[in-house]
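Visitor: One structure follows; several queries about it will come next.
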Amino acid sequence: SRFKGNASRSFPPDRRGQIHENDVKSLRDFRRWLDQTFATDLARSAKMTASNIPGGEKQFSTENLTDGLRSTYWATDDRVTTPELVLDLGRSTTFNLVSLREHLLLGQRVEAFALDQWKDGRWEEFAQGTSIGNRRLLQTNPITTDKVRFRITQAQVGPAIAELGLFREPTETPR
């Protein structure tokens, strides 16, 4: 486990009826790590280009991926089941955590996806998955690139993606 100490077990009360100080410290360290990790979405300032947006309507724009609202989403025409989205980060950026969310009011649509980095003048896949659902977090080795490509590789109907975020975990983890 990434977290040492008591972070991977339950926190029962001690004989005083209180949570032990070591357990409280582990929880506080974990909270601090979460806050630091998700403080800056590196995708927020990216220029995004999608292979499809229904009728080019702003309602389904790629801007919805980083607006912090789960009620908005990037969508494609229903017949477009394998779209892709390119994030131009504008400069070399390092991240090691990708956050994805589907807009579940329309159902879980994505069956498979992949993520690529622009490296040495070509796309290189660095992650893939079989579903997204409410939230999918993908932890990777540190990736340093100026472009990221998100590809839906299998879906029965056009996807509806509510969030695509890039984050960098703090270099120091709680102990």
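Visitor: Among residues belonging to region 50-108 that are part of a strand (DSSP E or B) and among the hydroxyl-bearing types (Ser, Thr, Tyr), point out the one that is nearest to residue 156 (Cα to Cα).
Guide: Among them, the one singled out is 99.
Visitor: How about region 24-49: which of its residues are within 16 Å of residue 171 (Cβ to Cβ), polar (S, T, N, Q) and assigned to a helix (DSSP H, G or I)?
Guide: Passing the criteria: 36, 37.
Matching residues to (1) surrounded by 13 or more Cβ atoms within 10 Å (Cβ to Cβ); (2) out of contact with any Leu (no Cβ under 7 Å at 6 or more places or on another chain):
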{"residue": "14", "(1), (2)": "no, yes"}
{"residue": "19", "(1), (2)": "yes, yes"}
{"residue": "38", "(1), (2)": "yes, yes"}
{"residue": "45", "(1), (2)": "yes, yes"}
{"residue": "69", "(1), (2)": "no, yes"}
{"residue": "72", "(1), (2)": "yes, yes"}
{"residue": "97", "(1), (2)": "yes, no"}
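Visitor: Please work out which one of (1) more than 22 Å from residue 74 (Cα to Cα); (2) β-branched (Val, Ile, Thr); (3) without any contact (Cβ under 8 Å) to a residue 24 or more places away in the chain is the condition residue 130 fails and give its number.
Guide: Exception for residue 130: condition (1).
Visitor: A follow-up question, please. Among the candidates 29, 35, single out the residue that is modelled with pLDDT under 90, within 23 Å of residue 138 (Cα to Cα) and out of contact with any Ser or Thr (no Cβ under 9 Å at 6 or more places or on another chain).
Guide: 35
Visitor: If I ask for residues that are without any contact (Cβ under 8 Å) to a residue 40 or more places away in the chain and among the polar types (S, T, N, Q), which ones from region 21-31 would you list?
Guide: 22
Visitor: Scan region 137-148 and give yes if some residue there is at pLDDT 95 or above, at positive phi and either open to solvent by 20 Å² or more (accessible area, probe 1.4 Å) or not aromatic (Phe, Trp, Tyr) (or both), otherwise no.
Guide: no
Visitor: Wholly within region 121-175, which strands (runs of 3 or more DSSP E) include no fewer than the required count, namely at least 3 residues that are over 25 Å from residue 67 (Cβ atoms) and among the aliphatic types (A, V, I, L, M)? Reasoning before the result, please.
Guide: Values: elements: 122-129, 136-155, 160-167.
Correct list: empty, since no element meets the threshold.
Visitor: Note down all Cβ pairs under 7 Å where the first residue falls in region 32-59 and is of a type outside the set (Asp, Glu), the second is assigned to a helix (DSSP H, G or I), and they're at least six residues apart or on different chains.
Guide: 43/66; 44/66; 48/62; 48/65; 50/62; 53/60; 54/60
The values are calculated or read from the model by the stated rules, or taken from the named source; none is laboratory data. Keep in mind the model is a prediction, meaning the values are calculated, not measured. Ideal geometry is used to build each Cβ from the backbone, glycine not excepted, and the neighbour counts take in all protein chains shown. Ligands, DNA and RNA are stripped out before the accessible areas are found, and what is left, the full protein with its side chains, is counted by its heavy atoms. Shrake-Rupley method; radii C 1.70, N 1.55, O 1.52, S 1.80 Å.
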